[in-house]
Amino acid sequence: ALALLCGSAAAVVVWKWLGKRKIQKKMEEARRTRDEGMKKMAKAVQQFREQVPSVQTDGILSLPLLELTGRLQEGSLSPKAVLYTYLEKALEVTQQTNCMRHFIPECEEQLQEIQRQKEKGLLYGIPVSIKDHIGHKGQLATCGLVQCLGAPVQEDSVLVKVLKRQGAIPFAMTNVPQSLFNYDCSNPIFGQTLNPFNHLKSPGGSSGGEGALIAGGGSILGIGSDIGGSIRLPSSFCGLCGLKPTAERLRALKGWTIVWCNHLLNVGICSHPTPVPCALGPMARDVDSLALCMKALLCQEMFQLDPTVPPITFNEEVYSSSAPLRVGYYDTDGYFPLPPCMRRAVQETREALQAAGHQLVPFSPPRIHYVMTELFLKTFFADGGRAWLDVFTGDIVDPSLKSQVNCCKIPRLGKKLLALILKPLQFLLLKLKNVAMISTCRSVKEMWNHHHQIAAYRTEFIARWRELRLDVVLCPVLGPAFTKGYPGKLLTAISSTMLYNVLNFPAGVVPVSTVTEADEEELKLYRGYCDDPWDQTLKQAVAGAVGLPVAVQCVALPWQEELCLRLMKEVETLSREK
């Protein structure tokens, strides 16, 4: 009997070892394919440099997007020179930050295709980078998961088709955190992406590869996605402008794979419309670039390819208006106090807007504790996290996600006991709910009630907005850049961005300042609300950030992306003047 038991134990060990070895081989093959692609990219760049040695790469890289498009349209710059200049710079940036998941070799075919087009699109000759999971024909959509290393995407997503029709050249797929559910940027297959300004810091996530590549100068325009801050957090950490539109304003149906959409379908929450929808949006170095990208994408081609996208073209009149705005503002949401420099950024921006003739009105978003735990997290963990855990089957869990994964593995009874023990510590319980005690939807009735609660909260929020007759809102965003590994320890710190996913409002981020020595000194006095382990962890996460970007967040009502961008442009102009 003992021999049989030992034999069985040995068989289990061998079976587990073989499973891990199989996973390792798949990951090694994916890395090898990526590295071969990078070598081909480097070789193509070298050949171009030999053929056209006179190209002024620094001059091309220094041009803002609007100026670059003008030069391409008039013919004083060639699309080929621009593409190979950005390919060369992207290689340099990814060697430093590990931001690219794969080079898109089809970019050379697209270069030929745009020169055959009768009309030059709004993005004619512009190299564009896209996030890992946005479908491009012939490329994988991995989400940082081994199970997604199988068949390449068979057809371009709608968004990629529209980019190409407007003359853009998608040239790189960028790295993401495993499963996309993290605002760090690390996965076991392609590794950790670094912040280009400080390699000890994270670029944010989940569009972290985009953030690092654009901030490092290796891309002039990128497309990310956002379901809790995944465009806005990398923009904040990397000093970029990023826009999360109303989710239905841009779509990418065919060929677009996102693990979380599948997860929500499995849980049974993802009826149409989804309670907290994922939005696709642009990331760039200035607000005008975001506006041009939205203008290019909101075209007849988009509306024909995806009839579910409302046929609302970009309203240039709203974006270009100079009429004074009535701006609501707050520098804390009362849930997770942000570092002093982020609150300073809102206060200074408020003063600048007021001095410029805009009307500033104090605004307080209602019940953020309730929104964070009962609305946002409950959407994703309605089943207690079981479907999310399923995506890691046959995979190695990235270290940055291990604490969240382990908490989801706690049996329901264990979670209930933990909640009971901690009940006297109400505020601590609110912070802990993110990982261990999220209430689940145990029936269809509870699921529909959850949908109703989100709709009721949106109604309440809009009513408060209307009472104050606001045009837009200025508020904080999480930052400055966290030290690598810390985002996984502080999921609830994203309340500043998460709120506008629940509401499905357009929201964008603009850099306005940098961390000063005075900010760093003030951080030493930071206590949060309770000076508890979470507050201390946030303090550790953002320490050592002198010189790193500091941003603010701008928000408008649904379908008013142009008004959101208008405020962002105003903030950008005033901060640059300062």
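The values are calculated or read from the model by the stated rules, or taken from the named source; none is laboratory data. Being a predicted model, the structure only gives us computed values, none of them experimental. Glycine also receives a Cβ, built like all others from the backbone with ideal geometry; neighbour counts cover every protein chain displayed. With ligands, DNA and RNA removed, areas are computed over all heavy atoms of the protein, side chains included. Shrake-Rupley method; radii C 1.70, N 1.55, O 1.52, S 1.80 Å.
Which condition does TYR500 not pass, out of (1) crowded, with 17+ Cβ neighbours inside 10 Å; (2) closer than 22 Å to CYS407 by Cβ, if it passes all the others?
Of (1) crowded, with 17+ Cβ neighbours inside 10 Å; (2) closer than 22 Å to CYS407 by Cβ, only one is false for TYR500: (2).
Before we move on, is PHE237 aromatic (Phe, Trp, Tyr), touching a residue at least 40 places away in the same chain (Cβ under 8 Å), within 26 Å of THR514 (Cα to Cα) and open to solvent by 10 Å² or more (accessible area, probe 1.4 Å)? Explain how you work it out, then say what you get.
Details: aromatic (Phe, Trp, Tyr): yes; touching a residue at least 40 places away in the same chain (Cβ under 8 Å): yes; within 26 Å of THR514 (Cα to Cα): yes; open to solvent by 10 Å² or more (accessible area, probe 1.4 Å): no.
No.
Picking from VAL146, VAL153, which residue would you name as being open to solvent by 10 Å² or more (accessible area, probe 1.4 Å) and β-branched (Val, Ile, Thr)? Reasoning before the result, please.
Numbers: VAL146 fails: open to solvent by 10 Å² or more (accessible area, probe 1.4 Å).
After ruling out the rest, the residue left standing is VAL153.
Considering only residues that are open to solvent by 10 Å² or more (accessible area, probe 1.4 Å) and aliphatic (A, V, I, L, M), look in the stretch 445-469 and name the one that is farthest from ALA345 (Cα to Cα). If you could, list the steps in order and put the result at the bottom.
From the stretch 445-469, those open to solvent by 10 Å² or more (accessible area, probe 1.4 Å) are 445-449, 451-453, 455-456, 458-460, 462-464, 466-469; that's our starting set.
Narrowing the set further to residues that are aliphatic (A, V, I, L, M) leaves 447, 455-456, 462-463, 468.
Values: MET447: 39, ALA455: 32, ALA456: 32, ILE462: 25, ALA463: 27, LEU468: 23 Å.
This residue is MET447.
Filter the stretch 294-323 for residues that are in contact (Cβ under 8 Å) with a residue 24 or more places away in the chain and assigned to a loop (DSSP other than H, G, I, E, B) and give the result.
LEU298, CYS299, ASP306, THR308, VAL309, PRO310, ILE312, PHE314, ASN315, SER321, listed by residue number.
Listed here are the residues, each with its yes/no results for (1) over 19 Å from LEU63 (Cβ atoms); (2) surrounded by fewer than 24 Cβ atoms within 10 Å (Cβ to Cβ); (3) not assigned by the TED database to the domain that holds VAL391.
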| site | (1), (2), (3) |
| --- | --- |
| ALA90 | no, no, yes |
| ASN98 | yes, yes, yes |
| GLU113 | yes, yes, yes |
| LEU123 | no, no, yes |
| HIS136 | yes, no, yes |
| LEU140 | yes, yes, yes |
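Each row is one residue, and each column tells you yes or no for (1) modelled with pLDDT of 95 or more; (2) in a helix (DSSP H, G or I); (3) aromatic (Phe, Trp, Tyr).
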position: VAL13; (1), (2), (3): no, yes, no
position: LEU18; (1), (2), (3): no, yes, no
position: ARG21; (1), (2), (3): no, yes, no
position: LYS39; (1), (2), (3): yes, yes, no
position: ARG101; (1), (2), (3): yes, no, no
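Based on what the data block shows, is GLY167 under 22 Å from the mean Cα position of the chain (by Cα), over 21 Å from SER236 (Cα atoms) and not polar (S, T, N, Q)? Working first, answer last.
Details: under 22 Å from the mean Cα position of the chain (by Cα): no; over 21 Å from SER236 (Cα atoms): yes; not polar (S, T, N, Q): yes.
When the stated conditions are applied, GLY167 does not pass them.
Please verify whether THR308 is at pLDDT below 95 and among the β-branched types (Val, Ile, Thr), treating the condition exactly as stated.
Values: at pLDDT below 95: yes; among the β-branched types (Val, Ile, Thr): yes.
Spelling it out, THR308 is indeed at pLDDT below 95 and among the β-branched types (Val, Ile, Thr).
Can you confirm whether ALA44 is small (Gly, Ala, Ser), assigned to a helix (DSSP H, G or I), closer than 18 Å to THR142 by Cβ and under 35 Å from the mean Cα position of the chain (by Cα)?
Numbers: small (Gly, Ala, Ser): yes; assigned to a helix (DSSP H, G or I): yes; closer than 18 Å to THR142 by Cβ: no; under 35 Å from the mean Cα position of the chain (by Cα): yes.
The answer is no for ALA44.
Here's the yes/no breakdown for (1) farther than 28 Å from LYS378 by Cβ; (2) of a type in the set (Val, Ile, Thr); (3) free of Cβ contacts under 8 Å to residues at least 60 places away in the same chain:
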position: LEU468; (1), (2), (3): yes, no, no
position: LEU474; (1), (2), (3): yes, no, no
position: THR492; (1), (2), (3): no, yes, no
position: VAL509; (1), (2), (3): no, yes, no
position: ALA518; (1), (2), (3): yes, no, yes
position: LYS524; (1), (2), (3): yes, no, yes
position: GLN536; (1), (2), (3): no, no, yes
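Restricting the search to the stretch 242-261, which residues are at pLDDT 95 or above and either closer than 24 Å to PHE103 by Cα or of a type in the set (Ser, Thr, Tyr) (or both)?
Result: GLY242, THR246.
Any residue in the stretch 49-60 that is among the hydrophobic types (A, V, I, L, M, F, W, C) and closer than 25 Å to LEU290 by Cβ?
First, the residues of the stretch 49-60 that are among the hydrophobic types (A, V, I, L, M, F, W, C): 52, 55, 60.
Right, trim to closer than 25 Å to LEU290 by Cβ and you get 60.
Yes, the stretch 49-60 has at least one match.
Which count do you get for residues in the stretch 326-354 that are under 18 Å from ARG576 (Cβ atoms) and touching a residue at least 40 places away in the same chain (Cβ under 8 Å)?
Looking only at that region, the number is 8.
Any idea which of VAL550, VAL546 is without any contact (Cβ under 8 Å) to a residue 60 or more places away in the chain, in contact with a helix residue (DSSP H, G or I) (Cβ under 6 Å, 6 or more places away or on another chain) and assigned by the TED database to the domain that holds ALA507? Walk me through it before giving the result.
Numbers: VAL550 fails: without any contact (Cβ under 8 Å) to a residue 60 or more places away in the chain.
Of VAL550, VAL546, the one residue that is without any contact (Cβ under 8 Å) to a residue 60 or more places away in the chain, in contact with a helix residue (DSSP H, G or I) (Cβ under 6 Å, 6 or more places away or on another chain) and assigned by the TED database to the domain that holds ALA507 is VAL546.
Can you report the number of residues in the stretch 14-66 which are closer than 25 Å to GLY125 by Cα, surrounded by 10 or more Cβ atoms within 10 Å (Cβ to Cβ) and either touching a His at 6+ places or on another chain (Cβ under 9 Å) or not charged (D, E, K, R) (or both)?
23
Within the stretch 346-384, restricting attention to residues that are open to solvent by less than 10 Å² (accessible area, probe 1.4 Å) and touching a Pro at 6+ places or on another chain (Cβ under 7 Å), which residue is nearest to THR573 (Cα to Cα)?
Among those residues, the one meeting the criterion is VAL346.
Hey, which of the helices (runs of 4 or more DSSP H) in the stretch 378-482, taking only ones fully inside, have at least 1 residues that are assigned by the TED database to the domain that holds PRO324 and modelled with pLDDT of 90 or more?
On the way: elements: 386-390, 402-408, 412-421, 426-432, 444-467.
Counting at least 1 such residues, we get 444-467.
Every residue in the stretch 530-556 that is open to solvent by 10 Å² or more (accessible area, probe 1.4 Å) and assigned to a loop (DSSP other than H, G, I, E, B), please. Break it down stepwise before answering.
Here is the first cut: in the stretch 530-556, the residues open to solvent by 10 Å² or more (accessible area, probe 1.4 Å) are 530-534, 536-537, 539-540, 543-544, 546-547, 549.
CYS530, ASP531, ASP532, ALA543, GLY544, VAL546, GLY547, listed by residue number.
Out of the stretch 486-522, which residues are more than 25 Å from LEU280 (Cα to Cα), in contact with a helix residue (DSSP H, G or I) (Cβ under 6 Å, 6 or more places away or on another chain) and not in a helix (DSSP H, G or I)?
TYR486, SER513, VAL515 - these are the residues of the stretch 486-522 that are more than 25 Å from LEU280 (Cα to Cα), in contact with a helix residue (DSSP H, G or I) (Cβ under 6 Å, 6 or more places away or on another chain) and not in a helix (DSSP H, G or I).
Taking GLU572 as meeting all but one of (1) among the acidic types (Asp, Glu); (2) under 21 Å from the mean Cα position of the chain (by Cα); (3) assigned to a loop (DSSP other than H, G, I, E, B), write down the number of the exception.
Among (1) among the acidic types (Asp, Glu); (2) under 21 Å from the mean Cα position of the chain (by Cα); (3) assigned to a loop (DSSP other than H, G, I, E, B), the lone unmet condition for GLU572 is (3).
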